[in-house]
Amino acid sequence: MKYTCIEDLRVAAKKRVPKMFYDYVDSGSWTEGTYRANTTDFDRIKLRQRVGVDIRERSLKTMMLGQDVAMPMALSPVGMTGMQHADGEILAAKAAKDAGIPFALSTMSICSMEDIAAATNHPFWYQLYVMRDKEFTKNMISRAKACRVSALILTMDLQVLGQRHKDIKNGLSTPPKPTVANILNLLTKPRWCAGMLGTRRRAFGNIVGHAQGVDGAASMMTWTAQQFDKGLNWNDVDWIKKEWGGPLIIKGILDGDDARTAVDVGADAIIVSNHGGRQLDGAPSSIEVLPKVARAVNGKAEVWLDSGIRSGQDVLKAIALGANATMIGRAYVYGVGADGQEGAARAIEIIHNELDLSMAFCGVTDIKNVDHKIIYERI
């Protein structure tokens, strides 16, 4: 099948990925209002078409944290990508490397950071969830250094878990519990099952075997339920920075005051994100708050936007409204579920091409020159 847009990849992923894992990606918390707003709010923003401009030579190249990137976009950390397709995180990391953009690995990944380092032999980013077990957290940071992780992403908006109705109803677990419903669903996903039989990676690779007392699925679920640090606060950033000693990105910012605080405690970049609508339902979309957050930061740190991007036009709109760069999650994970590494690569390619063409239609030839002037303002 020729995938021409991210929606094509989503449809294919829904057919090929077991229901509980597809629903894990393609859902939000409670009413899913914020989840939906993340995309519909992009749709309300209109672009200003310009003509009579020489657009023969165009460039999407820019920098993120001093790193040259082929376009202003990185792959966001997404938990359990290795349950969308066997070795999913490895495949996505390879696709990102080939495309010349950064890849970020989640704490809650199936493939471990050591797996990514060995498979790609290339620097990547690591997203840190702070656990109550501080020795475990320190050990994760040490392991990240050993794996040549080039930047640490501290996620601040998951001290407690938003209620995700679909995950509860599906009895989400990895690997899937052998219930009648799960077995019947798996029988309709032979390609997925064959892939999983061919890999040893079916649990949370960054945690199982590394956290004390966690040696399998049952102990993993118990440990995780108890370990997210509800006491995490701005004072904790200092010791994390000292343990890490490298570029620090803070994710989960939706408020101007929080953005200023993140800069004050030493963030090199902040990610405007509502966790894809999976935490506080009723919160504004990321694109709605982006201009306010960008003004609050005032150039003192890089501002990236996450949540809701499904096209190159979305990337263009985010850059025009104040983002230095963007991050995609569901868009590339649909690709992984649809067609492994080729699907992830195709998702990146689709967004790259849409961004390039849309920028040209707006009469701009270099992504560095995109600003609010390309946004159509209603009179």
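Once you place label points 7 Å from the Cα toward the Cβ at residue 373 and residue 234, how far apart are they in nm?
If labels sit at residue 373 and residue 234, their model points lie 3.6 nm apart.
With +1 assigned to the C-beta of every Lys and Arg and -1 to the C-beta of every Asp and Glu, and no other charges, what is the dipole magnitude of the range 318-379 about the Cα centre in debye, to the nearest 20?
Dipole size: approximately 220 debye.
Kindly write out, for the range 184-196 in residue order, the coupling ³J(HN,Hα) from the Karplus curve 6.51 cos²θ - 1.76 cosθ + 1.60 (θ = phi - 60°), rounded to whole Hz, with x marking Gly and Pro.
Result, rounded to whole Hz: 4, 5, 5, 5, 8, 10, x, 5, 4, 4, 4, x, 5.
Test of understanding: given the chain, find the longest segment containing no GluC sites (Glu not before Pro) that are in a DSSP loop and have at most 12 other Cβ atoms within 10 Å.
Looking at the chain, 58-376 is the longest stretch - no exposed GluC sites (Glu not before Pro) with at most 12 other Cβ atoms within 10 Å.
Assuming R0 = 56 Å, can you tell me the calculated FRET efficiency for the pair residue 255 and residue 183, based on Cβ-Cβ distance, to the nearest 0.05?
0.80
Choose one answer from 275, 210, 122: the residue with the largest mean-square fluctuation in a GNM of the chain with alpha-carbon springs under 10 Å.
210
Please report how far the C-alpha centroid of the range 107-148 lies from that of the range 301-342, rounded to the nearest whole angstrom.
23
With a 10 Å Cβ neighbour count serving as the proxy for reagent exposure, in which order, fewest first, do 362, 5, 147 appear?
Fewest to most other Cβ atoms nearby, the residues stand as 5, 147, 362.
Arranged by the count of other C-beta atoms within 10 angstrom, fewest first, what order do 110, 6 take? Write down the numbers at each step before the final one.
Values: 110 28, 6 24.
Listed from fewest to most nearby Cβ atoms, that is 6, 110.
Could you tell me the center-to-center distance, by alpha carbons, between the range 21-99 and the range 162-237 in angstrom?
The two parts, judged by their Cα centres, are 24 Å apart.
Taking 0.36 nm per residue of separation and subtracting the Cα-Cα distance, what length does fully extending residue 57 through residue 357 add?
106.8 nm
With everything on Cα atoms, drop me the angle between helix 6-16 and the longest principal axis of the chain, reported from 0 to 90° to the nearest 10.
So the inclination is approximately 10 degrees.
In the chain, if the dipole is taken from +1 on Lys/Arg beta carbons and -1 on Asp/Glu beta carbons about the Cα centre, which of 325, 198, 34 is farthest to the positive end?
Value: 198.
Return one number: the angle in degrees, 0 to 90 and rounded to the nearest 10, between the long axis of the Cα atoms of helix 134-146 and the longest principal axis of the Cα atoms of the chain.
Helix 134-146 sits roughly 60 degrees off the main axis of the chain.
Which one of 272, 297, 253 is farthest out on the positive end of the charge dipole of the range 212-343, using unit charges on Cβ (Lys, Arg +1; Asp, Glu -1) and the Cα centre as origin?
Among 272, 297, 253, the one farthest towards the positive end of the dipole of the range 212-343 is 297.
List the relative contact order of the chain as a percent without decimals, with contacts defined as Cα pairs under 8 Å and 6+ residues apart.
Details: 757 pairs, mean separation 109.1, N = 379.
The normalised contact order for the chain reaches 29 percent.
Taking the Cβ of residue 38 as the centre, find all other residues whose Cβ is under 11 Å away and add up their charges (Lys, Arg: +1; Asp, Glu: -1). Spell out each step's value before the answer.
Values: positive: 36, 278, 310, 330; negative: 32, 41, 43, 288, 306, 314.
Result for the neighbourhood of residue 38: -2.
Which entries of 19/177; 2/169; 94/300; 2/368; 97/145 show an alpha-carbon separation above 23 angstrom in the structure shown?
Beyond 23 Å between Cα atoms: 2/169; 94/300; 2/368.
Go ahead and set up a Gaussian network model of the chain, Cα springs under 10 Å, then flag whichever of 337, 308, 66 fluctuates most.
Ranking 337, 308, 66 by mean-square fluctuation puts 66 first.
What angle, in degrees between 0 and 90 and rounded to the nearest 10, separates the Cα long axis of helix 286-297 from the longest principal axis of the Cα atoms of the chain?
In the chain, helix 286-297 runs at an angle near 70 degrees to the longest axis.
For the charge dipole of the range 1-150, defined by +1 on Lys and Arg C-beta atoms and -1 on Asp and Glu C-beta atoms about the Cα centroid, which residue among 72, 112, 11 has the Cα displaced farthest towards the positive pole?
After comparing all options, I get 72.
Grab the beta carbon distance between residue 4 and residue 160, set R0 = 56 Å, and tell me the FRET efficiency rounded to 0.05.
The value I calculate is 0.90.
Under a crude label model (7 Å from the Cα following the beta-carbon direction), how far is residue 70 from residue 349 in nanometres?
1.0
What size of dipole, in debye to the nearest 20, comes out for the chain about its Cα centre when the only charges are +1 on Lys and Arg C-beta atoms and -1 on Asp and Glu C-beta atoms?
Numbers: 47 positive and 42 negative charges, 142 e Å.
Roughly 680 debye for the chain.
Take the chain, connect every pair of alpha-carbon atoms lying under 10 Å apart with a spring to form a Gaussian network, then pick out the residue of 346, 58, 310 with the largest mean-square fluctuation.
In this elastic network of the chain, the residue with the biggest mean-square fluctuation among 346, 58, 310 is 58.
Roughly what % of DSSP beta bridges within the chain run antiparallel, to the nearest 5? Numbers along the way, then the final one.
Details: 5 of 31 bridges.
Bridges in the chain that DSSP calls antiparallel: roughly 15 percent.
What does the net charge come to around residue 181 if you take all other residues with beta carbon closer than 14 Å to its beta carbon, with K and R at +1 and D and E at -1?
In short, +4.
Can you put 39, 4, 199 in order, fewest other beta carbons within 10 Å first? Don't jump to the answer; show the numbers that get you there.
On the way: 39 18, 4 11, 199 15.
Going from sparsest to densest Cβ surroundings: 4, 199, 39.
Using the Karplus curve 6.51 cos²θ - 1.76 cosθ + 1.60 with θ = phi - 60°, work out ³J(HN,Hα) for each residue of the range 91-105 in order, rounded to whole Hz, and write x for Gly and Pro.
5, 5, 4, 5, 5, 5, 4, 5, 7, x, 10, x, 10, 10, 9
For residue 199, project a label point 7 Å along Cα to C-beta. Then give me every residue of the range 17-37 with its amide nitrogen under 15 Å of that point.
17-18, 21-22
Each reported figure results from applying straightforward, stated rules to the coordinates on display, with no laboratory input. It should be emphasised that the depicted structure is a prediction, and the values quoted were computed from it without experimental measurement. Quick reminder, even Gly has a Cβ in these numbers, built from the backbone with ideal geometry, and neighbours come from all protein chains shown.
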